[in-house]
1. Suppose each label sits 7 Å from its Cα in the direction of the beta carbon; what would the residue 160-residue 48 distance come out to in nanometres?
2. What number comes out for the charge environment of residue 202, summing +1 per Lys or Arg and -1 per Asp or Glu over other residues with Cβ under 10 Å away?
3. Going by Cα centres, the stretch 212-233 and the stretch 53-73 are how many Å apart?
4. Note the full-extension length gain between residue 181 and residue 232 as 0.36 nm times their separation in residues minus their Cα-Cα distance, in nm to one decimal.
5. Place a point 7 Å from the Cα of residue 244 along the Cα-to-Cβ direction; which residues of the stretch 91-123 have their backbone N under 18 Å from it?
6. Provide, as a two-decimal number, the C-alpha radius of gyration of the stretch 137-252 over 2.2 N^0.38 Å, N being how many residues it has.
7. Could you run the Karplus curve 6.51 cos²θ - 1.76 cosθ + 1.60 with θ = phi - 60° over the stretch 105-115 and give me ³J(HN,Hα) per residue in whole Hz, x for Gly and Pro?
8. To one decimal place, what orientation-averaged projected area in nm² is obtained for the convex hull of the Cα set of the stretch 145-197?
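Since every read-out is calculated from the coordinates, none of them should be taken as a lab result. Just so it is clear, the model here is predicted, and its values are computed rather than measured. So basically every Cβ, Gly included, is an ideal-geometry build from the backbone, and we count neighbours across all protein chains shown.
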Amino acid sequence: MGVVRVRAVVILLASLAALSGCAGDPASAGDGGTTPSPTPTPTPGAPSDPRGLLAARGAAAEDRRYTATYTLTSAGRPARTITVTVATDGSWRVDVPGGAMSGTVDIAIARTGNGLFQCALAPTPSCVRVAAPDGAVPAHADPRVEHLFTDWLGVLTDRAAAVSVARAVLPGARGDCFSVEPNSASLVAPVDPGIYCYDTDGTLTAAKFRFGTITLATVGAAPPSVTLPGPVVAAAPLPTKAPAGASSASRP
């Protein structure tokens with residue numbers, strides 16, 4: 001009987017060991033075992049490459065509605081204050097002191113639902129319609145600074161545009177700065193080469209170009225719409241450079 005009891009105990013212990021091994025082996029757990037949780041799919045974050053970051057800043061800038069002033073410094077000229085208005089209805093106006101006639105006439109470039117205008121601000125304000133609302137200022141009358149706040153934004157947001165983008169540093173500027181250069185595939189430069197700096201909300205904080213460096217001074221709320229500073233007259237737009245022998249008088 002003792003031998004039988006010992007044999008029974010051995011068989012019982014072996015059975016328990018086998019059961020324990022099956023329960024602890026993940027490979028033999030089968031459908032009744034614990035299935036590991038699936039790895040969650042990462043949520044795409046903000047772009048980290050310079051081109052993607054600039055496109056995101058440009059898209060935010062296109063949606064911005066605001067008034068702002070900028071200090072423009074240019075070689076050989078005193079500092080000037082550029083006033084920018086982008087109204088809630090999408091109309092806009094950029095005032096450029098000394099923007100025409102070799103710096104002797106203050107002008108504004110404005111777009112409303114009726115067209116694109118160049119306006120002389122003094123001594124007698126008047127405006128000339130130079131193009132349809134989606135048109136362009138003639139090159140000889142274009143102070144160019146207004147493009148920073150208007151049509152160049154479409155280029156900056158287009159990742160297929162023929163420009164190269166790299167991170168850059170502009171002393172005194174806040175936000176992210178980018179060096180933008182038209183590449184060899186661009187027959188006509190879609191933007192001027194330079195450095196563009198933006199806050200995350202799309203506010204242009206500074207920029208550096210061949211015509212000078214602008215730095216944000218103030219920013220405020222947008223009006224419902226912009227208004228032209230004077231009546232629309234039938235005349236030619238004032239050139240940025242005064243013809244030889246021309247007076248500094250503005251349009252009548």
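1. Each label point lies 7 Å from its Cα, and together they span 2.7 nm.
2. On the way: positive: 57, 64; negative: 62, 63, 199, 201.
Taking every other residue near residue 202 into account, the sum is -2.
3. When both Cα centres are located, 13 Å separates them.
4. Residue separation times 0.36 nm, minus the Cα-Cα distance, leaves 14.7 nm.
5. 101-102
6. On the way: Rg = 17.2 Å, N = 116, 2.2 N^0.38 = 13.4 Å.
Rg over 2.2 N^0.38 Å, computed on Cα atoms: 1.28.
7. Running phi through 6.51 cos²θ - 1.76 cosθ + 1.60 with θ = phi - 60° gives 10, 7, 9, 10, 10, 9, 10, 10, x, 9, x Hz.
8. Numbers: hull surface 15.5 nm².
Its Cα hull, projected and averaged over all orientations, spans 3.9 nm².
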